[in-house]
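Following: one structure in structure tokens, then a few remarks.
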Amino acid sequence: MSHVNLSGKTVLLTGASDGIGKGVADYLMQMGAQVAVHYNSNKVAAEALVTKHQNNSKSFQADLSQEASVYQLFNEVLTHFKKIDVIILNAGVFLEHSTKLDTQDWLKIWKKTMAINLDAVGLLTKLGLDHFKDNGEGRFIYIGSRAVFRGETEEYLAYAASKGGLTSLARSVARSFGKDNIKSFVLSPGFTRTQMAERFIDTYGEERVLNEIALNTLTEPKDLAPLIGLMCSGLMDHATGATIDINAGSHIR
């Protein structure tokens, strides 16, 4: 395992109880960071992660589709840790809503996707900017998607659009707030072996996914974690504004 010294760093990581978030949170804690482990419903997994490391990390519940819950999450994390060094905006939903649906049903899923994948991200960005300015520095890491650059299938228009908005936001933060010592990065994965991906695989088959990539195995959360650790550490600050692809060669720009 690669090692990055994150001692003394406090990281707020959304969607940290499952999938990519869980793998990243585990790695960051191994590297010495204390992590605010956000979860929506999987309290058991979030608390098990915290108990495993015993390093003052703590779990926090929030439904990111609800504006008041987003405010509450940020305030509770600050109350506990006093200072946040890095905000990793990872939580997201990948909801199918074919254009064959009734328009009102289609729009409901569009709105839910945007609320979680983009509105909550925007609000946490604003809250984070205010906090980072007060403390003289900070870093944002946004988990995007290859869908931003290659597009998605018609069942996932909202997901692709939300990640496009997230990516543009991240780049704008990098350009606008670098002089405030605030950095911003985008990590853009393709299919990653998580519960979200497993549901797709169960429906369409693993062969369909493997045929899209250049490597022999599907990307796993542990393949993303070391790079995120570098971003947290400050060793990649001069890459602020960059979007880095980790998609097993399934989309090369």
(message) Using only the alpha-carbon atoms, how far is helix 19-30 inclined from the longest principal axis of the chain? Give it as 0 to 90 degrees, nearest 10.
(response) 20
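With the Cα gyration tensor of the range 64-191 in hand, convert its eigenvalues to equivalent ellipsoid semi-axes via √(5λ) and list them largest first in whole Å.
Numbers: eigenvalues 165, 58, 20 Å².
Whole-Å semi-axes of the equivalent ellipsoid: 29, 17, 10.
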(request) As a check on your grasp of the helix formula, calculate [θ] at 222 nm for the chain: sum -39500 (n - 2.57) over DSSP H runs of n ≥ 4, divide by the residue count, round to the nearest 500. (result) -14500 deg cm²/dmol
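Would you mind calculating the relative contact order of the chain from Cα pairs under 8 angstrom and at least 6 residues apart, reporting the percent as a whole number? Intermediate results must be reported in sequence, preceding the final value.
Details: 461 pairs, mean separation 51.5, N = 253.
Dividing the mean separation by the residue count of the chain yields 20 percent.
Compute the projected area of the convex hull of the Cα atoms of the range 27-135, averaged over all viewing directions, and report it in nm² to one decimal place.
Approximately 7.9 nm², given one-decimal rounding.
Can you give the net charge of the other residues whose Cβ lies under 14 Å from the Cβ of Ile213, counting K and R as +1 and D and E as -1?
Working: positive: Arg146, Arg150, Arg193, Arg208; negative: Glu206, Glu207, Glu212, Glu220, Asp223, Asp245.
It works out to a net charge of -2.
Give me Rg over Rh for the range 1-54, both radii from the alpha carbons and Rh done the Kirkwood way, two decimal places.
Rounded to two decimals, Rg over Rh is 0.95.
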(message) Skipping prolines and chain starts, which residues have an amide H placed within reach, meaning under 5 Å, of the one on Ser184, given they are 5 or more residues away or on another chain?
(response) Phe140, Gly241
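Can you tell me how much longer the chain between Lys126 and Asp102 gets when fully stretched, taken as 0.36 nm per residue apart minus their C-alpha distance, in nm with one decimal?
Numbers: separation 24, 0.36 × 24 = 8.64 nm, distance 3.48 nm.
Full-extension gain reported as 5.2 nm.
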(request) Give me the distance in nm between label points sitting 7 Å out from Cα along the Cα-to-Cβ direction at Leu210 and Gln195, one decimal. (result) 2.5
(message) Output wanted: per-residue J couplings in Hz (rounded whole) for the range 198-208, from phi through Karplus 6.51 cos²θ - 1.76 cosθ + 1.60, θ = phi - 60°, x for Gly and Pro.
(response) 4, 5, 5, 5, 4, 7, 10, x, 5, 4, 4
(message) Based on the alpha carbons, how large is the Rg to Rh ratio for the chain when Rh follows Kirkwood?
(response) 0.95
(message) Taking 0.36 nm per residue of sequence separation and subtracting the Cα-Cα distance, how much length would be gained by fully extending the chain between Lys82 and Ala48, in nm to one decimal?
(response) 9.9 nm
(request) Enumerate the lysines that Lys52 could reach by cross-link, defined here as Cα to Cα under 19 Å, with residues fewer than 8 away along the same chain left out. (result) Lys9, Lys22, Lys43, Lys222
(message) In Å², and per residue, what accessible area does the range 185-241 have when probed at 1.4 Å with the other protein chains present?
(response) 51
(request) Have a look at the range 131-253 and give its Rg and Dmax from the Cα atoms, expressed in angstrom. (result) 15.8, 50
(request) Summarise the accessible area of the chain (1.4 Å probe, protein heavy atoms) by the percent that is carbon and sulfur. (result) 49
(request) Report Lys9's accessible area, 1.4 Å probe, all protein chains in place, as a number in Å² to the nearest 10. (result) 40
(request) At 7 Å along the Cα-to-beta-carbon direction for both Asn181 and Asn55, put a label point, then send me their distance in nm to one decimal. (result) 2.3
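The values are calculated or read from the model by the stated rules, or taken from the named source; none is laboratory data. Owing to the predicted nature of the structure, the values given are computational and were not obtained by experimental measurement. Using ideal geometry, Cβ is built from the backbone for each residue, glycine included, and neighbour counts are taken over all protein chains shown. SASA here: full protein model, heavy atoms, side chains in, ligands and nucleic acids out. Shrake-Rupley method; radii C 1.70, N 1.55, O 1.52, S 1.80 Å.
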